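The values are calculated or read from the model by the stated rules, or taken from the named source; none is laboratory data. These figures come from a predicted structure and were not determined experimentally. Every residue, glycine as well, gets a Cβ built from its backbone with ideal geometry; the counts of neighbours run over all protein chains shown. All accessible areas refer to the heavy atoms of the entire protein, side chains included, with ligands and DNA or RNA removed. Shrake-Rupley method; radii C 1.70, N 1.55, O 1.52, S 1.80 Å.
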Amino acid sequence: MFQKPPAVSSALWDSSQNGIFLSIIEFKRPQLSALRSYALGLKIEHQQQLHKCGTAILGTKICASYKPSSKPTFGKHEPFPQNIDLPPILPKKKKKPYPIPLKKMQQAGRKDKKLAEMGVEKHLYPPKNGLLVPELIPIAHRVLDAWKILIKGVAQLLHTMPVYACSECSEVHVAQTGHRIQNCLGQSNAKRRSFHAWTKGSINDILVPIESYHLYDPFGRRITHETRFQYDRIPAIVELCIQAGVDIPEYPSRRRTKPIRMIGKKVIDRGGFIEEPKPWRSANPSSLVDLDTDGASMRFPPPPSSDVPRIAQETMDAYEVVRLGVTRLMKKYSVKGCGYCSEVHVGPWGHNAKLCGEFKHQWRDGKHGWQDATVDEVFPPNYVWHVRDPKGPPLKSSLKRFYGKAPAVVELCLQAGANIPEKYKPMMRLDIVVPDNEEADLVA
């Protein structure tokens, strides 16, 4: 609210200028606290009164006030919350939520349909028109280089850090022994009372392999169910980097110099179809092994114990580079994900291969329910239980609400001696004291 500061001098009036009155008022600045920032507010009011004698009186009132500023004057980052909820487990008998609200998609669809009925061409910006975004090409190269470092680091850490995976479900645990939390949803879990059947984990349990079809021209012919074997399957992150500007001779990609043209959902000019080269005929398998997690533990020998903290820190930094880079690339480049299964397709629209076997796939004839993908679908974090003492007793079901979680790579690097970012600590619940079994019932 505006407040009138106290005046310290009286008004000066001059009535000799044909009915024009001048007034000058000085204000005293109030005493303000130096610990807070204030914003100056001004309020100006004009008044006009007409008397019976025909003379008009004009007046202007100025009110000034200082109020605390709601926005900080310096670039301070808001502190992370003390604790956050664990990631929700989405039901399998229900479609995934849309990343973009349904109303916004419907509004955009009605707008495109209206322009198409009028015959107006849709205005597209790179990379929606097939052209590259120059400022994202260095980011794509950094993501691909960090992806290689991430695979190498995780493969080396697995030689020294114990990792367990359930043979019946997708649960992963990083500790000396498997936990005793009864949350297994795999087959024959009733016979085991929902306890997990632990086996030795691999790199695919830490870095979940998400593959996509490699396309020479993402705006070209769509993949059908009959032609699906004519395309290579490569990691989705690698395919995203290729379409963002990374050139790999074994996986060529079409680089347009003229944009495509669309009216509505119809492409009216894509520059013609070009015969796609066959990458599997000239590819050198030895030059592509660094991009895939398959067999990575066999390619890299166990590191010395003195180098484990350094490797863990490099792996942690590479993980952050990959995740941040994928997030920035997906803001521009289209990536589609199935709303029912884990299939991902990098391109403006999904493929037509009938490979979906999840909820109500019979109604869709095995086709995927394509929608905009999220970063977690392309680069899954694969959350695991955080273990404060890896050599201590295993985690118990009765104390499950006191435990936290973290991405598998973060938990692996943390136990190997790396420093993790602050943003992962609220979900790990480091400030919660885990009580004993006898004290758990007494905790509010």
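Okay, here's what the table says:
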quantity	calculated
Whole-number percent relative contact order across the stretch 212-255, with pairs defined as alpha carbons under 8 Å at least 6 apart	54
Accessible surface of Cys413 - all protein chains present, 1.4 Å probe, nearest 10 Å²	0
Per residue accessible area in Å² of the stretch 141-294, where ligands, DNA and RNA are left out and the probe is 1.4 Å	52
Solvent-accessible area of Trp198 with every protein chain in place, 1.4 Å probe, in Å² to the nearest 10	60
Flagged links, alpha-carbon separation over 26 Å, of Lys128/Lys423; Lys92/Lys266; Lys200/Lys391	Lys128/Lys423; Lys92/Lys266
Accessible-area composition of the stretch 99-164, carbon plus sulfur, in percent [1.4 Å probe]	60
Cβ-defined net charge surrounding Gln156, 15 Å radius [Lys, Arg +1; Asp, Glu -1]	0
Among Gln362, Ser342, Pro393 - extreme Cα towards positive end, dipole of the stretch 319-409, charges at beta-carbon	Pro393
Å² per residue, accessible surface of the stretch 310-444 at 1.4 Å	46
Carbon/sulfur fraction of accessible area - the stretch 293-444, other protein chains in place, 1.4 Å, %	53
Contact order relative to length of the stretch 166-283, as percent, for alpha carbon pairs under 8 angstrom and 6 or more apart	19
Counted charge near Asp217, where neighbours are those whose Cβ lies closer than 9 Å (Asp, Glu -1; Lys, Arg +1)	+3
Heavy-atom accessible area order for Leu158, Leu240, Leu90, largest first, 1.4 Å probe	Leu90, Leu158, Leu240
Those aspartates and glutamates that a straight Cα-Cα span of less than 19 Å connects to Lys104, excepting residues fewer than 8 apart in one chain	Asp112, Asp372
Residue-level accessible surface for Val133, protein heavy atoms, 1.4 Å, Å²	10
D_trans [Stokes-Einstein, Kirkwood Rh over alpha-carbon pairs] for the stretch 161-237, 10 °C, 1.306 mPa s, µm² s⁻¹	104
Principal axis box of the stretch 79-208, alpha-carbon based, largest edge first, Å	65, 38, 36
Lys113 paired with Trp363, simple spin-label distance in nm, labels 7 Å along Cα-to-beta-carbon	2.1
